[in-house]
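Everything on this sheet refers to the single structure shown next.
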Amino acid sequence: MAQPVAGPPARSGFPVVDVHTHVVPKAWPDLAAACGGSGWPWLRVDSERAAMIMIGETEFRPVGAECWDAPTRLADMAADGVDVQVVSPTPVFFGYDRPADQAVKLARIFNDLTLEVTAAGGDRLLPFCQVPLQDPDAACAELDRCLAAGHVGVEIGNHVGDRDLDDAGIVTFLTHCAEVGAPVFVHPWDMAGGPRLDRWMARWLTGMPAETHLSVLAMILGGVFDRVPPTLRICFAHGGGSFPFWLGRADNAWHRRGDLVRGASAAPPSSYVDRFYVDSVVFATPALRLLVDTMGADRVLVGSDYPYPLGERPVGRVVHEADFLTDAQRDQLLSHNALRFLGKVGI
């Protein structure tokens, strides 16, 4: 796991908010007994501060105390100059491939455990829940339960099997999020595999950006932004994937091959960039410049993918180092945009 490193001091008295972090509880019930079915993830605890997420007998991912221990998270936040973390599920626990009744039980277990992890951080650790997205009614019900229990938003995967974010049921859920004021964080998951992608972490290096790109396009060309209330607050992980780099290509195709590309969208893709946010996990100043130029300085929020090794440490490094940003823009990325996304301007 990444080691804490000294971060820059807080700026201008505004809270620095990291909208993209993950949690793994240190223990959970036997999911086969609690939810039904088989083949569930389980945790092999190797020491007080180290464990391995297992799927069957296969090692999926090593995790450390920063995943479940609030004091460890708070110490890392202090080292990096972060005031507030949004704490979201780790996507391997979504359970979208399960029957809905099993996914409901799974979501309840992990949502309640997430509240236990974040409780020690008070207002500095803001829990986002997960929902059984394969069942819109159950997803809306679990979101409502979680908001009442203390969660402040929801993380969803970018697809459910072959159903992308323009699927009617998912649009129903997103509409409900807009109506109840719940911010939505979209994280890629379940990337395609195969011999060409199963080396060099290629599924993470190429598949994740492509998955996010596809789902942004699905929301645009599928007409979702033309149908859901404009009050929907939604943010895509990892800088929006490859979407910002290829937005010009999408616009060109929309105009030149509208017979195939326009779908249900009322306007070119670039017309919708003010309807969603992206995080700043792009790691390099030129990439951040493209992101800000494409999306606008009011649509990019600091995210880190903490505490996983492919995340950014110190958190917000590329934003602090970006000499093209004005002080006002830097404050937008570090603080103001996230507070607007969260609906917590007075945090």
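Nothing in this text is a laboratory measurement; each read-out follows from the coordinates by a stated rule. All of these numbers come straight from a predicted model, not from anything done at the bench. Positions of Cβ are backbone-derived with ideal geometry, glycine not excepted, and every protein chain shown enters the neighbour counts.
Counting DSSP beta bridges with both partners in region 71-342, what percentage is antiparallel, nearest 5?
Taking every DSSP beta bridge within region 71-342, about 5 percent pair in antiparallel fashion.
Let me check against my output: what whole-number percent is the relative contact order of region 71-342, with C-alpha pairs under 8 Å and at least 6 apart?
14
Add -39500 (n - 2.57) for each DSSP H run of 4 or more in the chain, then divide by its residues: what number comes out at 222 nm, to the nearest 500 deg cm²/dmol?
Helix contribution divided over all residues of the chain: -10000 deg cm²/dmol.
If the only charges are +1 at each Lys and Arg Cβ and -1 at each Asp and Glu Cβ, what is the size of the charge dipole of region 83-177 around the Cα centre, to the nearest 20 debye?
260
Once Cα Rg over 2.2 N^0.38 Å is worked out from the coordinates, which option in (1) 1.38; (2) 1.02; (3) 0.95 does it equal?
(3)
Are there cysteines in the chain with no other Cys C-beta under 4.7 Å, and if so, which?
C35, C67, C140, C177, C235, each lacking another Cys Cβ under 4.7 Å.
Ranked by Cβ crowding within 10 angstrom, fewest neighbours first, how are L232, L260, L333 ordered?
The fewest-first ordering by Cβ neighbours comes to L260, L232, L333.
If you put +1 on each Lys and Arg Cβ and -1 on each Asp and Glu Cβ, how big is the dipole of the chain around its Cα centre, in Debye rounded to 20?
That gives a dipole near 500 debye.
Out of region 18-67, which GluC sites (Glu not before Pro) are coil in DSSP terms and have no more than 13 other C-beta atoms within 10 Å?
Answer in residue order: E48, E57.
Which of the helices in the chain meet the span-like rule: DSSP H, Cα axial reach of 24 Å or more, Kyte-Doolittle mean at least -0.5?
100-119
Taking the chain as a Gaussian network, Cα atoms linked when under 10 Å apart, which of V19, V282, V92 shows the biggest mean-square fluctuation?
Maximum fluctuation in the GNM of the chain, among the listed residues, is at V92.
Would you please give the residues with an amide H less than 5 Å from that of Y306, counting only those at least 5 places away or on a separate chain, with H modeled from the backbone geometry?
Residues meeting the criterion, in which the H sits 1.01 Å from N, are H22, E312.
In what order do M201, M295 fall by count of nearby beta-carbon atoms within 10 Å, going from fewest to most?
With the sparsest Cβ surroundings first, the list reads M201, M295.
Show me, for region 270-278, the HN-Hα J-couplings you get by feeding each phi into the Karplus relation (A = 6.51, B = -1.76, C = 1.60, θ = phi - 60°), rounded to Hz, glycine and proline as x.
For region 270-278, the Karplus-derived couplings read 5, 6, 10, 5, 8, 9, 8, 10, 9 Hz, x marking Gly and Pro.
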